[in-house]
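What follows is a single structure, written as structure tokens, with notes after it.
The values are calculated or read from the model by the stated rules, or taken from the named source; none is laboratory data. None of these values were measured; they are calculated from a predicted model. Don't worry about glycine lacking a Cβ; one is built from the backbone with ideal geometry, like all the others, and counts go over all protein chains shown. In case anyone asks, the SASA skips ligands and DNA or RNA and just uses the protein heavy atoms, side chains included. Shrake-Rupley method; radii C 1.70, N 1.55, O 1.52, S 1.80 Å.
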Amino acid sequence: MIEYRKFNDMNYAKKCLEQKASGIPNNQRFWEVYDMAMICFLMGNFENGLNFFEKFLNILKKSFYAGNVYIEWHETFYNHCIYHIKPYLTSKKAAQKMVLDMIKRRRNYFNSKPSFKKMSKEIFLLS
């Protein structure tokens, strides 16, 4: 789809995420907040990224239970965020590198699958 090609412009991608999130009530936002944190880090907007990431951690921590039902993967992902993501959020460059490394790991995973060979392009950030 031609629309996805516009996402190589980080400002456009961020605008789309903001529009998507604005249509979801605050108490129902989840991945939208995480995605905003990651795109802010990728764009070098460290302070906004930290704010979104902290909001996501709060949302995630409050979501371990839905009523009386325990959602184990929420707590597991919360711990992953605390112990494997948050330690890299020490500076603009470190956060940006962390997101780029996450993208590269996912791309390497998908590149190992024959049906995803087209994703093998390298990512470059514009300064």
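Report the net charge of residues surrounding Glu18, where surrounding means a beta-carbon distance below 12 angstrom and charges are Lys +1, Arg +1, Asp -1, Glu -1. Mind showing how you got there, number by number?
Numbers: positive: Lys14, Lys15, Lys20, Arg29; negative: Glu32, Asp35.
The answer is +2.
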- Task: Please give the helix 10-22 orientation as an angle from the longest Cα principal axis of the chain, in degrees from 0 to 90, rounded to the nearest 10.
- Result: 30 degrees
- How big is D for the chain, in µm² s⁻¹ as a whole number, if Stokes-Einstein is applied with the Kirkwood radius of its Cα pairs at 20 °C and 1.002 mPa s? 134 µm²/s
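Given only helices, namely DSSP H runs of n ≥ 4 each adding -39500 (n - 2.57), what is the per-residue ellipticity at 222 nm of the chain, to the nearest 500 deg cm²/dmol? Can you show the working numbers first?
Values: 6 runs with 76 residues, N = 127.
Mean residue ellipticity at 222 nm (helix-derived): -19000 deg cm²/dmol.
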- Message: Given points 7 Å out from each Cα along the Cα-Cβ axis, report the Ala21 to Ser63 separation in nanometres with one decimal.
- Response: 1.3 nm
- Message: Output the 0 to 90 degree angle, nearest 10, between the alpha-carbon long axis of helix 31-43 and the longest principal axis computed from the alpha carbons of the chain.
- Response: 40 degrees
- Probe 1.4 Å, accessible area per residue of the chain, Å²: 72 Å²
